[in-house]
Amino acid sequence: MATVEQIRAFRKKIKELPQHLRTEKLEAWRNDFELFCIECLTIIDKDNEYVPFKFNRFQKHFWKILKDDIDSGTPSRIYLLKARQLGSSTFVQALAFWRIILWPNSNGLVAAHAEDPARNLFNKSRLFLHLLPQWVKPTRQRNNRKELYFATKDDAEDPGLQSMLSVGTIKNVHIGAGSTLHVLHLSEFARYESVQSNVRAGLRSLFSTVPERGRTFIILETTAWGMNYSHDLWFQDKGKVDGFEKVKDWTRLFVSWLADDAYTSKNTLAPGSYLGSSAQDDYGDELGLSEVIRKELKYWYPEKKYEENEEELEKEVSRRLNWRRGKIAVDFDYDVPNFQQEYPSTPHEAFITTGTTVFSLRHLAIQRERLAANPDRQLHKYHYNVSAGRFEESAYGNLRVYEEPQDGYHYVIGADVGRGLADGDKSVAQVLKLPHLEQVACLSDRVDTHTFAKALAALGHKYNTAQIGVEVNGPGLTTNMFLSEEINYPWLYWKKRYDKSRKEWTREVGWDTNVSSKEVIIAGLRSAITNDYLIINDEESLTELEHYILDPKTHKMGAVQGKHDDQVMSMAIALQIATEFGGLESTRAEQFRPKWSFEWWASQADKLQARKDKRRYA
Ligand SMILES: Nc1ncnc2c1ncn2[C@@H]1O[C@H](COP(=O)(O)OP(=O)(O)OP(=O)(O)O)[C@@H](O)[C@H]1O
Ligand SMILES: [Mg+2]
């Protein structure tokens with residue numbers, strides 16, 4: 001705690017620094033941004049007190065990353081995704097200030113999504129200037145709500161610093177136009193899409209104002225705001241997205257709430273407290289989260305040597321969970337997804353806000369870890385050659401094969417058919433190997449329904465004439481008809497149905513998805529994932545599973561906005577066919593339908609139905 005007077009006293013040494021030491025001091029500050037902040041900059045802390053700007057844990061980490069860039073002459077291009085109130089805006093404002101007042105002819109721009117936040121950000125810089133040691137203050141020509149312009153009067157002999165820091169909102173498309181920027185601070189960038197229709201174009205022109213040189217900074221700094229452009233940018237491969245493509249190396253820096261020393265409680269949870277294990281629990285999946293907390297604590301607090309001190313680690317995990325519970329209950333009124341957005345533990349958690357995920361993120365994360373632990377795993381890509389009627393190996397193929405067909409194994413294929421339009425859903429097929437229930441291949445393509453039927457038949461033949469089940473709804477009807485009547489594929493999935501008008505039983509080819517059958521197959525898939533007996537090898541499929549939610553308003557299951565669910569549906573259909581086929585590895589089959597589970601009841605109902613049918617036909 002300090003008054004302005006105390007700050008001034010603290011600065012006294014620097015203020016009165018003898019002339020001959022000043023150049024050296026400037027040099028030291030240029031090399032060490034952290035030192036500059038402590039010795040020159042003042043902030044207002046969370047208790048509303050003036051304090052010298054001394055880096056917190058996260059800020060120290062951030063500076064280390066920037067310092068590495070500077071030392072190697074690499075332009076700093078950072079996408080910072082973070083929990084609330086970690087001090088990131090203050091840090092980037094200070095960085096801009098440091099950069100423009102210690103190097104002449106430098107320009108900085110800070111952009112926000114709205115007027116108020118823009119002004120608040122800029123006020124931080126104006127306070128920096130106000131309480132700067134006197135001899136460090138450059139001559140100003142303008143100091144107003146929109147810009148700080150450091151230069152001497154027009155008639156002066158020396159032009160002065162000729163550096164400028166300005167502020168604007170992203171709605172103002174002209175910001176930054178015509179100038180060369182050395183620091184570009186884009187604050188709360190995830191919200192830009194809600195105020196500017198074409199964020200891509202806006203960013204592209206802004207980015208082009210920053211030359212690709214060492215000691216230049218573009219920093220996108222934000223808390224997540226749903227599955228919008230900022231989400232895609234985070235998960236896209238490097239260099240693929242507009243604006244990003246210009247610069248090869250963007251650093252994605254995720255900072256969870258665990259990086260802040262203050263986000264913890266004095267007390268651990270009461271001994272024997274029940275920990276939530278699914279998204280439906282009051283505080284969400286705390287069990288899964290504990291694992292993440294352990295990792296994060298070890299990462300952010302190396303000085304605590306948690307590796308060697310399990311007991312202390314577990315206590316701190318419990319204190320963190322306790323803090324989290326308090327926050328969720330009091331500040332978020334038990335809205336866990338909203339808390340996760342503001343105080344995320346992982347990037348995935350940050351973006352998933354609307355609705356609850358259907359599949360356990362913890363178990364999907366385990367699958368991802370398994371894949372990551374085996375980087376040399378097999379992946380072959382194939383392209384369907386329409387005229388030859390077969391799959392051929394190709395780097396750009398849409399069939400991803402994780403295991404080639406093995407003799408003596410049975411395979412099933414579940415398929416979901418899209419309309420084949422350029423921007424519509426894809427047609428997807430998932431291949432599962434029995435009895436292990438392992439995903440061995442995934443075909444995902446935008447083709448017409450006939451071509452898809454042919455590709456499916458080729459895929460089925462490739463995998464030991466697998467049993468194929470294609471969704472009949474919508475465009476799937478044509479694919480099914482084509483497969484059964486034209487291609488005569490030997491083993492299609494079918495069900496018996498009683499045709500009331502003709503008063504006879506008919507065979508209906510394909511899988512019919514309706515509200516209740518969808519619930520059944522999704523429940524089956526959920527149970528397979530939670531009990532770890534379905535092995536998923538395809539990362540794209542994992543991503544879709546992670547983004548498959550139950551919308552809290554409509555109570556419908558489906559992909560979050562901007563994502564698809566055809567890989568989920570085709571996987572669920574494949575699993576259903578596998579279950580009906582039976583013969584799953586015995587231990588798995590037992591796990592698959594633990595007695596009294598929903599699946600067990602469903603299988604009992606199936607058996608009963610089979611007995612009734614038998615009697616009817618006898
Ligand atoms: N190193 C620090 N020491 C003390 N207080 C700090 C420090 N860094 C930032 N603060 C204070 O913490 C508060 C939050 O800082 P800031 O607005 O920079 O964080 P943020 O991560 O951008 O927050 P938000 O999520 O609200 O955008 C401010 O009052 C700021 O002055
Ligand atoms: Mg901020």
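Applying both filters, DSSP loop and at most 14 other Cβ atoms within 10 Å, to the GluC sites (Glu not before Pro) of segment 80-169 gives Glu157. Taking every full run of DSSP H in the chain, the ones that stretch at least 15 Å from end to end by Cα along their long axis and average 0.5 or higher on the Kyte-Doolittle scale are 88-102, 515-530, 566-581.
Each residue of segment 178-186 is assigned a 3J(HN,Hα), and the resulting list reads x, 10, 9, 9, 10, 9, 10, 10, 9 Hz, derived from the Karplus form 6.51 cos²θ - 1.76 cosθ + 1.60 (θ = phi - 60°), x at Gly and Pro. Note on segment 431-558: antiparallel DSSP beta bridges, both residues inside, total approximately 80 percent of the bridges counted. Summed over qualifying helices (DSSP H, 4 residues or more, each -39500 (n - 2.57)) and divided by its residue number, the chain shows a 222 nm mean residue ellipticity of -12000 deg cm²/dmol. Taking a quarter of the surface of the Cα convex hull of segment 377-484, what do you get in nm²? With the hull built on Cα positions only, its mean projection is 6.8 nm².
Segment 404-583 has equivalent-ellipsoid semi-axes of 23, 20, 18 Å, by the square roots of 5 times the alpha carbon gyration tensor eigenvalues, sorted largest first. Three semi-axes describe the equivalent ellipsoid of the chain; taken as square roots of 5 times the Cα gyration tensor eigenvalues and ordered largest first, they are 58, 28, 20 Å. At q = 0.11, 0.12, 0.18 Å⁻¹ the log10 of I(q)/I(0) for segment 54-169 amounts to -0.40, -0.48, -1.03, computed by Debye summation with a single uniform scatterer per C-alpha, solvent ignored. Shown is the FRET efficiency for Ser501 and Leu477, computed with R0 = 22 Å from the Cβ-Cβ distance and rounded to the nearest 0.05: 0.70.
When each of Glu580, Glu438 is scored by the number of other beta-carbon atoms lying within 10 Å, the sequence from fewest to most is Glu580, Glu438.
Values in this text are rule-based calculations from the coordinates and carry no lab data. As the structure is a computational prediction, the values presented were derived from the model and not from experiment. Please note: Cβ atoms are built from the backbone with ideal geometry, for glycine as well, and neighbour counts cover all protein chains shown.
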